Structure formats: structure tokens, C-alpha cells
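Undergrad: Quick one: this structure, given as C-alpha cells, is what I'll be asking you about.
The values are calculated or read from the model by the stated rules, or taken from the named source; none is laboratory data. What you are looking at is a predicted structure, and each value in this text was computed from that prediction instead of being measured. Cβ placement follows ideal geometry from the backbone for every residue including glycine, while neighbour counts extend to all protein chains displayed. Surface areas here come from the heavy atoms of the whole protein model, side chains and all, with no ligands, DNA or RNA. Shrake-Rupley method; radii C 1.70, N 1.55, O 1.52, S 1.80 Å.
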Amino acid sequence: MQDVDHVEQTDEAGSPSPRAADWFWRPWYAKLYWVTALLYWIGLEIMIAIPYDRINTSVANTMVLLILVFNPITVVAVLGYGFLKAKVACGEWVIVPGPASQRPVMDPYTDPSDPRSGDMHFRHIGVIQE
């Protein structure tokens, strides 16, 4: 049996792996984005409680359009972009150019995007009865 007294050096000693919290919570723009999203959703809830005839139409239209900006999925996509770039830069994730991956082969007669299927794919919604 061997006694191992040394610690092996790894290749990952270069740059540490970025953490998601460093991109989603710590930067000033992330904090600003989260605070404005919170204020937006609170304002939207207050606006829902007020009768519509008392709300200025332009304010209501602006609130509806801002749903796209402050949607949680949009928040994650915007703040996650820097995290994705950091992961690729440290070498943990690798983007490999190449052909698009092949989808599993579908039966052409049940695939609605295949012109050979005809109306066969309408059976599940009851358009075609047999």
C-alpha cells in the first residue's frame, strides 16, 4: 500500500469557475434590475386592484408592454448572458461549431410538418373520423 503525501495539481488552476450568484445578484445592474422588476410587479398588482376607468390609458398600456421586460424568464436571460460568457471564457463550457444535431426520425405520415402526412395528423383532434 502506498502513502500519498502530495496533492496532484490539476489543469483547472487557471481561472476559477464562475458562480451564478456572481452574475445574478452581485453586480449593480443586477441589483437595479431586480429592484425595478419588484417595483413593477408590485405596481401591477396595485393597478389590478384599481378600477380600469380610473387608470390613465397610457399608463396601463405601458404596464402591459413592460410585462415582456420584467418577465422572470427575460430577467434570467438578460442576467444569464454574462454568466454564459464567463463559463465559456473559463473553458468549463465549450461551444463547438458544426452541423446542427439530427432530430430523431419521425414517421412521415404522423409528422404535421411533412407534406406526405396529408390530413392523417388531424385524427387526434377529431377532424377526421373513421
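Undergrad: List the residue pairs whose Cβ atoms are under 8 Å apart, where the first residue sits in region 24-35 and is closer than 18 Å to LEU68 by Cβ, the second is open to solvent by 40 Å² or more (accessible area, probe 1.4 Å), and the two are 6 or more positions apart or on different chains.
TA: TYR33/VAL78; TRP34/TRP25
Undergrad: If SER101 meets every condition in (1) at pLDDT below 85; (2) among the polar types (S, T, N, Q); (3) within 20 Å of ALA20 (Cα to Cα) apart from one, which number is that one?
TA: Here SER101 clears every test but (3).
Undergrad: Related question: Working carefully through the options GLU45, GLU12, find the one that is at pLDDT below 85, assigned to a helix (DSSP H, G or I) and open to solvent by 90 Å² or more (accessible area, probe 1.4 Å).
TA: Only one candidate passes the filter, namely GLU12.
Undergrad: Report, by residue number, each residue of region 16-42 that is part of a loop (DSSP other than H, G, I, E, B), under 16 Å from GLY80 (Cβ atoms) and either touching a Pro at 6+ places or on another chain (Cβ under 6 Å) or open to solvent by 80 Å² or more (accessible area, probe 1.4 Å) (or both).
TA: Passing the criteria: ARG19, TRP25, ARG26.
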